[in-house]
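Take a look at the structure set out below.
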Amino acid sequence: MTKRKPIKKAVFPVAGLGTRFLPATKVIPKEMLPVIDRPLIQYAVDEAREAGIEQMIFVTGRGKTAIVEHFDVAFELETMMSERGKDLSILEPTRAVPGDIITVRQQVPLGLGHAIWCARAIVGDDPFAIFLPDELMIGSPGCMKQMVEAYNEVGGNLISVLEIPREEVSSYGVIDPGEENGALTVVKGLVEKPPVEQAPSNKIISGRYILQPEVMRTLENQEKGAGGEIQLTDAMARMIGSQPFHAVTFEGRRFDCGSKTGFIEATIALALEREDMGAEIRAITERLLGR
Ligand code: UTP
């Protein structure tokens, strides 16, 4: 196996407007909405740490400071909790290693591709991961760990994909699939939000990426794509042919927490599995359904 440059950096674009959750997201960033008791951003950061990633780069915007605060020490809260003999271990995953959280600003949300490009100076010449925190990926091992394992085998660029009903593809980035080998599929092409009849497959990009730093140079051109936004999918599509490009079919579950119904689905599914509340939530659900 060739020695690959390890994936130690991850970019979390969190500068979007979150319009689908208004008015909840007028003041609170979408990424801070909790699924039960963990904000979305923390699920993503925990998944990154599990995959061996050390540097978390948040691309933030106006009104997003709560995301950075979440990973800081809450001195008053912790002092008071200690004085009252309360267990602080629940806060442990929110303590970042000093220096491991880096923020850059995207002043105007011009699109996902533009958000990623804002992190170019920190990414430098290293391959890096991307997490869209509103896509909640639940698996064991986690999605990024599965991708890093695949990266160690094939190198180059990887995106996580999943299959959805064909009639829904026009809301997503879709791959043109080539040869398949287990969970890995060669990517021959990528298209953002295609009309259903023009979609090359029903395999959609699902919020996790490992990319080579050259993508930043492609994003440099700032060309606008679907929806008038600077699209990451278009920049990645231009790299196909010059660098290896694979899709990894994630073994696990994905919840689209950028949509209200997906968010509710995630909350119910994870609550039903929790030891501390699963039985109670099941009873409540059954009562609500009149069973
Ligand atoms: P979405 O497409 O979900 O957009 O972005 P959004 O603004 O968050 O939400 P809606 O559609 O208005 O409800 C996917 C991810 O990319 C980030 C978002 O923060 C989210 O994590 N993003 C998007 C940026 O950081 N900058 C952008 O310009 C666009």
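The values are calculated or read from the model by the stated rules, or taken from the named source; none is laboratory data. This is a predicted model, so every value here is computed, not measured. Neighbour counts are summed over all protein chains in view; Cβ atoms, including those assigned to glycine, are modelled from backbone coordinates with ideal geometry. What goes into the accessible areas is simple: the full protein's heavy atoms, side chains included, and nothing from ligands, DNA or RNA. Shrake-Rupley method; radii C 1.70, N 1.55, O 1.52, S 1.80 Å.
Would you be able to tell me the number of residues in region 158-172 that are outside any loop (DSSP other than H, G, I, E, B) and either aromatic (Phe, Trp, Tyr) or in contact (Cβ under 8 Å) with a residue 40 or more places away in the chain (or both)?
Matching residues across region 158-172 total 6.
Exactly one condition in (1) free of Cβ contacts under 8 Å to residues at least 12 places away in the same chain; (2) surrounded by 11 or more Cβ atoms within 10 Å (Cβ to Cβ); (3) more than 18 Å from Arg38 (Cα to Cα) is not met by Arg84; state its number.
(2)
Met147: part of a helix (DSSP H, G or I), touching a helix residue (DSSP H, G or I) at 6+ places or on another chain (Cβ under 9 Å), open to solvent by less than 20 Å² (accessible area, probe 1.4 Å) and in contact (Cβ under 8 Å) with a residue 40 or more places away in the chain, yes or no?
The answer is no for Met147.
Report yes if some residue within region 196-212 is open to solvent by less than 80 Å² (accessible area, probe 1.4 Å), farther than 27 Å from Val11 by Cα and outside any loop (DSSP other than H, G, I, E, B); otherwise report no.
Checked region 196-212: at least one residue is open to solvent by less than 80 Å² (accessible area, probe 1.4 Å), farther than 27 Å from Val11 by Cα and outside any loop (DSSP other than H, G, I, E, B).
Condition first: surrounded by 12 or more Cβ atoms within 10 Å (Cβ to Cβ) and more than 20 Å from the chain's Cα centre (by Cα). Now tell me which residues in region 239-267 satisfy that.
Met239, Ile240, Gln243, Pro244 - these are the residues of region 239-267 that are surrounded by 12 or more Cβ atoms within 10 Å (Cβ to Cβ) and more than 20 Å from the chain's Cα centre (by Cα).
Please work out which residue is least open to solvent (accessible area, probe 1.4 Å), limiting yourself to region 110-124 and to residues that are outside any helix (DSSP H, G or I) and in contact with a strand residue (DSSP E or B) (Cβ under 9 Å, 6 or more places away or on another chain).
Restricting to residues being outside any helix (DSSP H, G or I) and in contact with a strand residue (DSSP E or B) (Cβ under 9 Å, 6 or more places away or on another chain), the top hit is Ala119.
Quick one: is Gly156 surrounded by fewer than 16 Cβ atoms within 10 Å (Cβ to Cβ), of a type outside the set (Lys, Arg), at positive phi and away from the ligand (no atom under 13 Å from the Cβ)?
no
Only one of these conditions is not met by Arg208: (1) under 16 Å from Gln231 (Cβ atoms); (2) at pLDDT 95 or above. Which number is it?
Checking Arg208 against (1) under 16 Å from Gln231 (Cβ atoms); (2) at pLDDT 95 or above, the one that fails is (1).
Just checking, does region 125-133 include any residue being open to solvent by less than 50 Å² (accessible area, probe 1.4 Å) and away from the ligand (no atom under 16 Å from the Cβ)?
Checked region 125-133: at least one residue is open to solvent by less than 50 Å² (accessible area, probe 1.4 Å) and away from the ligand (no atom under 16 Å from the Cβ).
Residue check: is Ala235 touching a residue at least 40 places away in the same chain (Cβ under 8 Å), open to solvent by less than 20 Å² (accessible area, probe 1.4 Å) and either within 12 Å of the ligand (Cβ to nearest atom) or under 22 Å from Ser140 (Cβ atoms) (or both)?
Considered against the rule, which asks whether it is touching a residue at least 40 places away in the same chain (Cβ under 8 Å), open to solvent by less than 20 Å² (accessible area, probe 1.4 Å) and either within 12 Å of the ligand (Cβ to nearest atom) or under 22 Å from Ser140 (Cβ atoms) (or both), Ala235 comes out as no.
Regarding region 38-46, can at least one residue be identified that is of a type in the set (Gly, Ala, Ser) and either more than 13 Å from the ligand (Cβ to nearest atom) or open to solvent by less than 10 Å² (accessible area, probe 1.4 Å) (or both)?
yes
Can you tell me which residue within region 173-184, out of those that are in contact (Cβ under 8 Å) with a residue 24 or more places away in the chain and farther than 15 Å from Ala237 by Cα, is most open to solvent (accessible area, probe 1.4 Å)?
Checking each candidate, the answer is Ala183.
In region 87-109, which residue that is within 16 Å of the ligand (Cβ to nearest atom), closer than 21 Å to Glu54 by Cα and open to solvent by 60 Å² or more (accessible area, probe 1.4 Å) is nearest to the chain's Cα centre (by Cα)?
Among residues in region 87-109 that are within 16 Å of the ligand (Cβ to nearest atom), closer than 21 Å to Glu54 by Cα and open to solvent by 60 Å² or more (accessible area, probe 1.4 Å), the one nearest to the chain's Cα centre (by Cα) is Thr103.
Do any helices (runs of 4 or more DSSP H) entirely within region 1-87 hold 2 or more residues that are closer than 25 Å to Gln146 by Cα, and if so, which?
40-50
Which of the following residues is touching a Pro at 6+ places or on another chain (Cβ under 8 Å), open to solvent by less than 30 Å² (accessible area, probe 1.4 Å) and either within 16 Å of the ligand (Cβ to nearest atom) or polar (S, T, N, Q) (or both): Gly18, Gly63?
The conditions single out Gly18.
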